[in-house]
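To start, the structure itself, in C-alpha cells.
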Amino acid sequence: APRGVLKIGIDRHAARRAMLEPYGLAETLPPQAWREFEKLAFERQAEHNAEGSRAAWEKAIEAGAPRAPVDYQMGLFARASGDTAQARRDFEQALEEQPPAPGAGKELALMALADGRNADARARLANYLEATGPDPDTLASLAVVETNLGNEAAAVAAVESARALVGETWRRAELEAQIYARAGNAASTVSALRPLEGQGRLNRYALRADP
C-alpha cells in the first residue's frame, strides 16, 4: 500500500463475520424445508466446493429461503475463496432485495477500503451505520477511512464513539492502539498499549488484527 494510506486485510475474517452476522439464515425464519439445503450449502463450503455450495444455496431459495441472506452468505464464501468479483455481485444483489441484508453493505465498504476507494467506503459505512446503528468494529473502520481521506477530526470522533461503545477499559485501549498502529503513529500506539501492559492484557496478535 502507498505510504500513509491505511488498508485492512479482511478475507481471513470472513468466516467469523458469517457466524456473527445478524442476518444469518438461522435467525430469519422458523424451521423450513429449505433448511436442509442450507445445511448442505454450509457442508459444501466446509469442503471448499464453491460450485456445490452455490447450487445448494440456489435450491434453498427455490424451496423458500429469503434471498438477501442467501446472497450475503454466498458473497462471504466467494470473498473468502478469493473471487472478489463474484462476491461483489452477491453483496450488491443482497442489498437490492426487499428486505435487504445490510451486512452486505459493510462487506462492500471493506472491499472498497482494501482497494483504496476510500470515498466509496465512507459512503457505504455511513449507510450501514444508518441502517443498523453504531458498533465498535464499523466505527473503527470508519476511523481508518477518515484518516485515509485526511479528515483527522472525523477520524478522532469515530474512534471516540467506538471507545464509548466498548465497556472494558482494556478493550478500548486495544481498539485505539490498533487504529494508531495502522496510522503509523508509533508514539500514540505505545501510549495506548501502556495500560494493557500494566494489567497483563497486552495481546500482540489482536494488535495486528483488524479493528
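General observations
- Sites GLU160 and ASN127 - FRET efficiency at Förster radius 35 Å, r taken between beta-carbons, to 0.05: 0.95
- Separation of the LEU149 and ILE61 label points, Cα + 7 Å toward Cβ, nm: 3.2
- Mean Cβ neighbour count within 10 Å, used as a protection proxy, ranking 47-54, 122-129, 159-166 highest first: 122-129, 159-166, 47-54
- Once you divide the Cα radius of gyration of the stretch 22-137 by 2.2 N^0.38 Å, the number left is 1.07.
- Counted by Cβ distance under 13 Å from GLU96, the other residues give a net charge of -1, where Lys and Arg count +1 and Asp and Glu count -1.
Values quoted throughout were computed directly from the atomic coordinates according to the rules given, and no laboratory measurement underlies them. Computed from a predicted structure; not experimentally measured. Using ideal geometry, Cβ is built from the backbone for each residue, glycine included, and neighbour counts are taken over all protein chains shown.
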